[in-house]
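The values are calculated or read from the model by the stated rules, or taken from the named source; none is laboratory data. Everything numeric here is computed off the predicted structure, so don't read it as measured data. Glycine gets a Cβ as well: all are built from the backbone with ideal geometry, and neighbour counts include every protein chain shown. These area figures cover heavy atoms from the full protein model, side chains too; ligands, DNA and RNA do not enter into them. Shrake-Rupley method; radii C 1.70, N 1.55, O 1.52, S 1.80 Å.
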Amino acid sequence: MPTARIEARRTGQPVELVSQRTETSRTYANPDGSFTSEISAGPERVKRNGTWHTIDASLTERNDMLVSKVHPHDLRLNAGGGAPPKSLKAAQAAGPRDLASMGSGSQRITLQWKGGLPEPQLEGSKATYRNALPGADVIVEATQTGFEQFVMLRERPSGGYSYTLPLKTAGLQAEEQNDGSVVFTDAAGRQRAVMPAPVMWDASVDERSGLPANRHRVDMDVVPTGKNTVDLVIRPDEGWLTDPATQYPVTIDPSTSALSNTFDTYVQQGETGDWSTDTELDFGNPGTTNSDGTPRTARSFIHWNTTPIQDALISSAKLELYNFHSGNTDCLNYGWSVWATGAASTSSRWTNQPSWIDQYATSTQTKGNPSCGADGWISADVTNLVQVWASDKVATGHMGLRATTADARAWKRVNSANNTANRPKLTVNYNYRPGNGHDTQAGPPYVKNSSGVWVVDTDQPFLRATFDDADGDMVNGTFDIRDAVTKEKVGDYLVSDWTAAGQPTSVWVPADLLTNGRTYEFRASAYDGTHYDTGWTPWTKFTVDEEVPGGGDGPTDRPSPTGGPS
């Protein structure tokens, strides 16, 4: 830290504290002695062989398979092989082959596909196995934390369309949940990944919300087939698939994401599934209603790794969200708000939301509507909320997002932490208070009597204390003296010269304040040029005894203060 601070001061430019870099944060020393942490809601980089690499989910061929170039969970996809089946029935009778897998070490999740696969068409982080089944494509898309697997039906099936996806879970246990999702746990019972209950949607899109206008739940059975193997039996609603009102193509979507200390999700009125693996977060009223007439209002939750800013003094904190769709059609100001909330989870639903504790910020910034500006970043000042997290020294900050009005023009969709681009981020500027003082001493001759009281040989002694500072700032000390018996204050506060943190700072007591033979006590508090210590040292007693060996009249003048904060 000192080296980065010195370099920042020398160059006038921020310098990264590389030793404090994490998968979700980067911290910089600023020329003025403060710090800035850039914190992402999801992983931005991964450490391999001691070196940090920026995550790049785009796909490339390597060793007869497809891989994300840099993925936190070593994502691998099938590069194609074998003759695609002539029918769904033939596919289900064929042997399985690995389609997509992720994990590390002894823990790995592998989703399989029955039948041959054509060579995929690659587009960034997406692989399309066109005509993997007659009239249907298989699509696998890498996300920042996992993958999504789609079956896109381009043609209306004549009957049912049930199919099975074998799943291998090396080192993990697949557990079906009441809501139809699958949670993957390790031997210690810790949740490592989640596969929400699948959904499907047709080609119709609601103009205001930008969401599929016709979305439907998909039943999925989890059938154990052996040790660390299960079959996922996907059973789309036949009546919905064959309904003339259903517009093709239809997309069927199971997805899988790893869980970590960061997390985000949204809940929506009328929805009963988990949206924690989605690549977007939604909030507000989309302008559509449920079958009972209630609005499909959504709210979002983000967890932040706040370890880098624990116990800091926050000067500013800005939340930024990438807004790619908005219901704002008239370009007026429709607000959204930021709250402190309880912790969200894969079990969070509209009817089971985390607690909404306090509102800390509002904003009317809007992007994502062609009539009011293209897609882009929107922000809110969340300084007060981040200060609460820092003061409470929490490792994870829990945040909620919601519209401030039920008007559908306040509806917003923003990128989530699972998105491969433009994830939610916090930019936090801060400093630290100097630490509480210690090693308080009075002298000369800096000795204690049998009662543990310092004994000084002059009525103009030195009083000393040492102050630490997490920033490495220069510090001075304010000293307060009182009579140990009467508890009356003696003189004015005395302020020391500026001293390097961790080194003793001292004051000289001027003449005519202390009396030979009396006992006094003092305490001290630090200042680093920006912030004061939050408290004083304990009172330290000293006795003036000019008869002790080596005693004398002491100095006649206090030295003038020199130096200053730097």
Quiz item: How many percent of Cα pairs in region 121-230 exceed 25 Å?
Solution: 33 percent
Quiz prompt | Length-normalised contact order for the chain - Cα pairs under 8 Å, 6+ apart - percent | solution = 11 percent
Self-check item: the chain: angle of helix 383-392 to the longest principal axis, Cα-based, in degrees nearest 10
Solution: 70 degrees
Quiz item: Relative to the present Cα-Cα distance, how much length would full extension add between Asp221 and Leu313 at 0.36 nm per residue of separation?
Solution: 28.0 nm
Practice problem: Return one number: the angle in degrees, 0 to 90 and rounded to the nearest 10, between the long axis of the Cα atoms of helix 2-11 and the longest principal axis of the Cα atoms of the chain. | Solution: 90 degrees
Practice problem: Would you please calculate the Kirkwood hydrodynamic radius of region 115-163 over all C-alpha pairs and express it in Å, rounded to one decimal? | Solution: 11.7 Å
Quiz item: Between Tyr532 and Tyr493, what is the label-to-label distance in nm when each label sits 7 Å out along the Cα-to-Cβ direction?
Solution: 0.4 nm
Exercise. Report Rg (one decimal) and Dmax (nearest whole number) for region 281-368, counting Cα atoms only, units Å.
Key: 15.5, 49
Quiz item: How big is the chain on each of its three principal axes, counting only the C-alpha atoms and giving the largest first in Å?
Solution: 109, 52, 44
Quiz item: So what does Glu23 come to for accessible area, using a 1.4 Å probe and Å² rounded to 10?
Solution: 60 Å²
Quiz prompt | Heavy atoms of His53 accessible to a 1.4 Å probe, total area in Å² rounded to 10 | solution = 70 Å²
Quiz item: Per q in 0.10 1/Å, what log10 I(q)/I(0) does a Debye calculation on the alpha-carbon atoms of region 257-404 return?
Solution: -0.36
Self-check item: Ranked by how many other beta carbons lie within 10 Å on average, peptides 370-376, 72-78 from highest
Solution: 72-78, 370-376
Practice problem: Leaving ligands, DNA and RNA out of it, report the carbon-plus-sulfur percent of the accessible area of the chain at a 1.4 Å probe. | Solution: 45 percent
Practice problem: Subtracting the Cα-Cα distance from 0.36 nm times the residue separation, let me have the gained length for Thr11 to Trp52 in nm, one decimal. | Solution: 12.3 nm
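Roughly how compact is region 28-100, stated as its Cα Rg over 2.2 N^0.38 Å to two decimals? Could the numbers behind the result be given before it?
Numbers: Rg = 20.6 Å, N = 73, 2.2 N^0.38 = 11.2 Å.
My calculation over the Cα atoms of region 28-100 gives 1.83.
Determine by what factor the alpha-carbon radius of gyration of region 373-508 differs from 2.2 N^0.38 Å, reporting the quotient.
That works out to 1.83 for region 373-508.
Can you give the calculated 222 nm mean residue ellipticity of the chain, where each DSSP H run of n ≥ 4 adds -39,500 (n - 2.57) and the sum is split over every residue, rounded to the nearest 500 deg cm²/dmol? Can you show the working numbers first?
Numbers: 4 runs with 31 residues, N = 566.
Value at 222 nm, helices only: -1500 deg cm²/dmol.
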Quiz item: How are the Cα pair distances of region 1-147 distributed, in percent, across 5 Å bins from 0?
Solution: 2, 9, 15, 15, 13, 11, 8, 7, 6, 5, 4, 3, 2, 1, 0
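Contour minus end-to-end for Glu155 and Ser347, with contour as 0.36 nm per residue of separation and end-to-end as the Cα-Cα distance?
Numbers: separation 192, 0.36 × 192 = 69.12 nm, distance 3.45 nm.
Additional length available on full extension: 65.7 nm.
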